[in-house]
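This report concerns only the one structure given below.
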């Protein structure tokens with residue numbers, strides 16, 4: 001499937017007797033909340049294509065919705081001239097690495113307070129990053145906070161996820 005918002009590539013690499021499959025997909029979104037359905041369409045298609053279990057899909061859906069919403073709202077300040085870019089790389093159909101990148105000024109993710117601490121429990125912001133860190137297998141902020149790499153290994157299960165204060 002290809003259109004002005006979405007592109008896809010599939011690679012199969014053979015190294016000796018070892019076969020490794022990669023698929024990459026890219027999605028470019030305008031910085032408006034009306035772009036979120038394009039993200040949801042992509043995620044639903046991925047769920048079907050890779051037979052992702054409901055609990056694992058819910059983790060991915062929450063994390064990517066938070067990441068893209070943050071990029072639109074906080075990164076690009078809802079400026080329709082700026083774009084949010086999403087890239088997905090899959091390996092062996094069970095490892096998914098998403099990259100979300102905005103065109104904003106960036107931020108220091110370490111300075112976002114823990115929303116579960118009594119001092120910040122009533123504040124309206126900070127929960128998205130908290131959820132992203134708790135629900136993904138791996139999270140890495142780079143490029144001064146304008147680029148977020150999020151990994152999910154669906155061969156592992158995260159049963160009994162506890163949302164407790166960060167240490």
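Rounded to two decimals, the Cα-based Rg/Rh of segment 23-107, with Kirkwood Rh, is 0.98.
Both the radius of gyration and Dmax for segment 6-153 are 16.1, 56 Å, in that order, over alpha-carbon atoms.
Every number here is computed from the coordinates shown, using simple stated rules; none is lab data. Note that the structure is predicted; figures quoted are calculated from it, not measured.
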